[in-house]
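A.B. asks: After the structure tokens below, expect a handful of questions from me.
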Amino acid sequence: MLRPNTMRLTSVPLLAALAGLLLAVPACAADGLQAVTLQLKWKHQFQFAGYYVAAEKGYYRNAGFDVRFDEAAGAEDSITTVVGGKADFGVAASELALRRAQGEPVVALATILQHSALALAVRGGGTQTVHDLVGKRIMVSPHDQELFAYLQREGLGGSRVERVPPSFDIQDLISGRVQAFSVYTTDQVWALRRAGLAHTVLSPRTAGIDFYGDTLFTSEKLARSAPARVQAFRDASLRGWQYAMAHPEETADLILARYSQRLPREHLLFEATEMARLMQPQLIEIGHMNPGRWHHIAEVYAEIGMLPRSFSLDGFLFGAQAASAMPWRPWLAMGVVTALLAAAAAWLAWKNRQLQRALRMGPATPAPGAAGAPSRDVLTGLYSPHYLEDTLARDLLRAARDATPLSVAVLRLNQFDQVQQAEGPAAADALLRALATMVLAQHQPGDYACRLDGPALAWVMPGEPQSVATQRLRQLQQAFESQAHWSGLIELRGTAAAGVAGYPQDGGTAGMLLARARAMAAA
């Protein structure tokens, strides 16, 4: 047992060493859980719903964490708070890439919003552009860096607009104190609608600034010293987000009961709906981050002079530290990269050969008319609907004559309208084109595919029984759903509804078989 004067005899260096050890040990709650703090970028609301659910459902507890949520307070932002050691994790947006390139030791863990919710709300409806703000009073938060990038890219930097110190109160726009106000489209737009104010929302995406939104992050120190702990927190958080977006009403009730009644339930559900538009969880895995897109964000900041051209994002994405931590074996990294590139090149060559082979394959019956090759749909490369009508009728006559089966499949891209609304027509076309490419790649001799109306395709399989055609179709659906498809830097995922009609049991004419297959795909 220690005597009372034992500590008085302890040397100063030993005391310092003991203090250092105590600081190095993570704080623990009374029940043995590790106490961590998540710094939010604003007040409690649906914007942070996934984290609340992770706490309520025990996902954090099961991962060994006792989590405290700190609302934004004062002028200090979440990045400064985390880098300064006042919080373990934080939520920030695209300014993460800017701050990392400026030397701040932050590490991105998971992107929640695939598109930023930041925009400028402008008084007055009708057709307005950002250039209508010249000489107007605008209120933009100092942390909304992408809005400054937007204004600067559009030539509205410097004194071309009158910047008013931010109050963070949307009433300043409603009352007319300012003509433009930085808003989250998932949040303050609700207040503008409730107030009945005619307004226009100007998004940086119109200027090609399509940045990530809310992103979970931590400090480089924690990411390097405790990667397993960081991974566990990330996984629990994403599990919470998956549940929150699948159960918005239950989550809204949780926020009102446990966190804040500052906003009504109607507002929370509005947030949930608008966030789903920016997340697209049915298309893109929650938390997904594209390194190229983060690099593009930094390039935009460099383009307008907010970063030097020689910026670096090394170590910015969680998990990438491992590559920079092995300088003693650069040949290993180079070998892996070379092997991956070789494999990718071989795969692309194989897919190209399959596609070219499929494109060369027409149906057994030649195309009608003497003018040469049949017409094709410009977008998908498939045959036209007119070609389908004529050729299918001929193949049905042959099937009747030879007493052979024939199957007609109809595929419909489920997410076409959603992608078109969220990502634009080019992305929706890219996803439909990907489906058509996979159909062509799985063709067998005699098969042919045609574009129908909208996001629908027809796949004709002469000589194929309905049961076999159904099996082939399911394999294609599974392959399409499991793969990522790209439109520029945007990763897309989709599903296809499908139906298969068989001759002779489902009909003896082209119209009957197509109608039957369409009905099955719509069921």
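A.B. asks: On the full set of protein chains, 1.4 Å probe, figure out the accessible area of residue 41 and give it in Å² to the nearest 10.
C.D. replies: 50 Å²
A.B. asks: Arrange the residues 78, 167, 175 by how much accessible surface each exposes, largest first, with a 1.4 angstrom probe.
C.D. replies: On the way: 78 10, 167 50, 175 85 Å².
Greatest to least solvent exposure: 175, 167, 78.
A.B. asks: Rounded, prolate or oblate: which one fits region 133-267, using the alpha carbon gyration tensor with axes a ≥ b ≥ c (rounded when a/c is under 1.5, else prolate when a/b beats b/c, else oblate)? Show your work: numbers first, answer last.
C.D. replies: On the way: a/c = 2.51, a/b = 1.40, b/c = 1.79.
Judged from the Cα gyration tensor, region 133-267 comes out oblate (a/c at least 1.5, b/c at or above a/b).
A.B. asks: Related question: How do 448, 59 rank by accessible surface area computed with a 1.4 Å probe, from largest to smallest?
C.D. replies: Listed by decreasing accessible area, they come as 59, 448.
A.B. asks: Could you give each residue of region 81-90 its phi-based ³J(HN,Hα) in whole Hz, using Karplus coefficients 6.51, -1.76, 1.60 with θ = phi - 60°, and x for Gly or Pro?
C.D. replies: Working through the residues one at a time gives 5, 6, 4, x, x, 7, 8, 8, 9, x Hz.
A.B. asks: Does anything in region 222-256 have its amide N under 18 Å from the 7 Å Cα→Cβ label point of residue 71, and if so which residues?
C.D. replies: Correct set: 252-256.
A.B. asks: Cut-off under 13 Å on the C-alpha distance; same-chain residues fewer than 8 positions from residue 86 excluded. Which aspartates and glutamates are left, in chain and number order?
C.D. replies: Once the sequence-local aspartates and glutamates are set aside, what remains near residue 86 is 70, 71, 76, 77.
A.B. asks: If you don't mind, there's one more thing I want to ask. Between residue 102 and residue 426, how many nm apart are label points set 7 Å from Cα along the C-beta direction?
C.D. replies: 3.0 nm
A.B. asks: Can you send over the solvent-accessible area of residue 107, 1.4 Å probe, protein chains only, in Å² to the nearest 10?
C.D. replies: 0 Å²
A.B. asks: Taking the Cα-to-Cβ direction at residue 417 and at residue 486 and moving 7 Å from each Cα, how far apart do the two end points lie in nm?
C.D. replies: Result for the modelled spin labels: 3.0 nm.
A.B. asks: What is the calculated FRET efficiency for residue 522 to residue 295, with r their C-beta to C-beta distance and R₀ = 41 Å, to the nearest 0.05? Display every interim value, and only then the final one.
C.D. replies: Details: r = 42 Å, r/R0 = 1.02.
That gives a FRET efficiency of 0.45.
A.B. asks: A follow-up question, please. Would you please put 252-265, 146-159 in order of how densely packed they are, using the mean number of other Cβ atoms within 10 angstrom per residue and starting with the highest? Could you put the intermediate results ahead of the total?
C.D. replies: Numbers: 252-265: 15.4, 146-159: 18.1.
Going from most to least packed, we get 146-159, 252-265.
A.B. asks: What is the distance in Å between the Cα centroid of region 101-145 and that of region 173-220?
C.D. replies: Comparing the Cα centres of region 101-145 and region 173-220, I get a distance of 7 Å.
A.B. asks: Mind computing the radius of gyration and Dmax over the alpha-carbon atoms of region 376-504? Å is fine for both.
C.D. replies: Answer for region 376-504, Rg first and Dmax second: 15.1, 51 Å.
A.B. asks: Can you give the extra length, in nm with one decimal, that the chain gains between residue 393 and residue 206 once fully stretched, where that is 0.36 nm per residue apart less the Cα-Cα distance? Provide the component values of the computation, followed by the final result.
C.D. replies: Details: separation 187, 0.36 × 187 = 67.32 nm, distance 4.73 nm.
In short, 62.6 nm is gained.
A.B. asks: Assuming a viscosity of 1.306 mPa s and a temperature of 10 °C, what translational diffusion coefficient in µm² per second does Stokes-Einstein assign to region 41-129, Rh being the Kirkwood radius over Cα pairs?
C.D. replies: Numbers: Rh = 15.5 Å.
Rounded, D is 103 µm²/s.
A.B. asks: Continuing with the same structure: How do 379, 440 rank by accessible surface area computed with a 1.4 Å probe, from largest to smallest?
C.D. replies: On the way: 379 40, 440 10 Å².
The ordering from most to least exposed comes out as 379, 440.
A.B. asks: Related question: Okay, which of region 433-468 sit inside 16 Å, backbone N to the point 7 Å along the Cα-Cβ direction of residue 497?
C.D. replies: Inside the label zone: 452-458.
A.B. asks: Heavy atoms of the protein only, probe of 1.4 Å, neighbouring chains included. What is the accessible area of residue 100 in Å², nearest 10?
C.D. replies: 30 Å²
A.B. asks: Between residue 310 and residue 163, what is the FRET efficiency for a Förster distance of 35 Å, r being their Cβ-Cβ separation, to the nearest 0.05?
C.D. replies: 0.75
A.B. asks: Take residue 256, project a point 7 Å from its Cα along the Cβ direction, then tell me which residues of region 188-222 have their backbone nitrogen under 12 Å from it.
C.D. replies: none
A.B. asks: Moving on to the next point. I need the Debye-formula profile for region 178-252: one equal scatterer per C-alpha, no solvent, reported as log10 I(q)/I(0) at q = 0.13, 0.15, 0.26 1/Å, two decimals.
C.D. replies: Results for region 178-252 at q = 0.13, 0.15, 0.26 Å⁻¹ read -0.70, -0.84, -1.16.
The values are calculated or read from the model by the stated rules, or taken from the named source; none is laboratory data. Since the model is a prediction, treat every value here as computed from it, not as a measurement. All Cβ positions, glycine included, derive from the backbone under ideal geometry; neighbour counts span all protein chains shown. Heavy atoms of the whole protein, side chains included, go into the accessibility calculation; ligands, DNA and RNA do not. Shrake-Rupley method; radii C 1.70, N 1.55, O 1.52, S 1.80 Å.
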